[in-house]
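Colleague: Structure provided below as structure tokens; questions to follow.
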Amino acid sequence: MEGDLIDALRTHADRYGIGLSGLEPLARGEDMTVAEVRRGRQARDYLAVMSPHMSMPTNYPSERWTGHPLLLLGAKITPRNADRLRQLGVNFLDANGNAYLAFDDVLIDVRGRSGDPIAALHREKPAASNLFSPKRAQVIFALLSWPDIVNAKLREIADTAKVSVGFAQKTLVDLEAANYLQAFGGGRHGRRLNNVDALVDGWVASFPAGLGSPENTRAFQGSFDPDGLSEDGPEIYLSGEAAAEWIPRHTTWSLYCDDIPRQAAAAGRWTARASNPNIFVRPLFWNAPQDDVMRRVRIAPPLLVYADLIASGESRQREAAERYRSEHVGLHARKPPTV
């Protein structure tokens, strides 16, 4: 049960003069909720996230996060993760009493604590899912890229995201709990995305460890000529710097397709296990709503192009990412024609 973990966290917070309220959904097993952190007359609302490993992606864009500030809660944080979270300005509290809570003129910074039996018990449990796990990220990607489908039938959302109907529904519930989705009137036609910039930033931050992870990528060294491909065959989407037309002399190709394009691999003499790969192939994780673009080689939805630019780690591509985001308001994909 999560209740004993929440009790342990509240006990430590009380010792530091901190009040935590609104954590009941976490005690019931939910992954996140909006909670209030208070000390005396000073209070702030946080998106409290139950994080099994109490870690954040290395490229977490804290300077752009526009939703509720984050409060990571969990059983045990490692010294390395604690240092990283402090650098990012992310508040945290674990069951051993290690804490970093900084808001207004409050600063609680406790380090080096261990030995709480509740922390040991919960660290042995399997990791829980989170809002930006790969499958949930597929649903979020579909909603952000084609925001009109937020009010579509669940089957359409699920098909666009390549997940089951049940999983699509659960993700919508999770988004509503995290204040990223508002529902009015109880019907599907009353849904609306909320805190979109924050949702985009969270999705992009999770991308390198999830949908864009090395485990999900096949890397090659070689050349790629999109104009040399026949129009016959499964679609291929270009992302990253290859999709930003104004980047001169780009050196890498990020491709999304259901299988390795054998014709392109043979023509470009692709070599696997190369020391300096420049071609990165990942599986398609979306079904684009039908549009009038029928060419085989296409540009990926803007959100994915932006995420690949950010994930590259290169200053040149990161600078390009900022321009790309400013030129693609909302990072929406092109809307399908009205039927």
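The values are calculated or read from the model by the stated rules, or taken from the named source; none is laboratory data. In this text the structure is predicted, and so the values were computed from the model without any measurement. A quick note on method: Cβ atoms are made from the backbone with ideal geometry, for glycine too, and the neighbour counts reach across all protein chains shown.
Colleague: What do you reckon, is GLY202 buried (at least 18 other Cβ atoms within 10 Å of the Cβ), at pLDDT below 90 and on the phi < 0 side of the Ramachandran plot?
Modeller: Judged against the criteria, GLY202 is a match.
Colleague: Sticking with this structure for a sec: Name the single residue, out of those in region 30-59 being without any contact (Cβ under 8 Å) to a residue 60 or more places away in the chain and assigned to a loop (DSSP other than H, G, I, E, B), that is farthest from ALA119 (Cα to Cα).
Modeller: ARG41
Colleague: OK, next. Against the definition (of a type outside the set (A, V, I, L, M) and at pLDDT 90 or above), how does ASP232 come out, yes or no?
Modeller: no
Colleague: Would you point out which residue out of ALA333, ALA311, ALA300 is at pLDDT 90 or above, within 30 Å of LYS153 (Cβ to Cβ) and buried (at least 22 other Cβ atoms within 10 Å of the Cβ)?
Modeller: ALA300
Colleague: Out of region 222-262, which residues are among the β-branched types (Val, Ile, Thr) and within 22 Å of PRO302 (Cα to Cα)?
Modeller: Passing the criteria: ILE236, ILE247, THR251, THR252.
Colleague: Return the only residue of THR160, THR78 being of a type outside the set (Asp, Glu) and not assigned by TED's automatic domain parsing to the domain that holds ARG44.
Modeller: Matching residue, one of THR160, THR78: THR160.
Colleague: For the list (1) under 26 Å from the mean Cα position of the chain (by Cα); (2) under 30 Å from MET32 (Cα atoms); (3) modelled with pLDDT under 90; (4) not hydrophobic (A, V, I, L, M, F, W, C), I need the number of the one condition that GLY212 fails.
Modeller: Only one criterion is unmet by GLY212, namely (3).
Colleague: Quick one: how many residues across region 216-228 are more than 21 Å from LEU309 (Cβ to Cβ) and in a helix (DSSP H, G or I)?
Modeller: Selection size over region 216-228: 2.
Colleague: Now a separate question. Please work out which residue is modelled with the lowest pLDDT, limiting yourself to region 151-183 and to residues that are of a type in the set (Val, Ile, Thr) and crowded, with 18+ Cβ neighbours inside 10 Å. Write out each step before concluding.
Modeller: To start, the set of residues in region 151-183 that are of a type in the set (Val, Ile, Thr) comprises 157, 160, 163, 165, 171, 173.
Checking which are crowded, with 18+ Cβ neighbours inside 10 Å leaves us with 157, 160, 163, 171.
Values: ILE157: 95, THR160: 96, VAL163: 94, THR171: 91.
It comes out as THR171.
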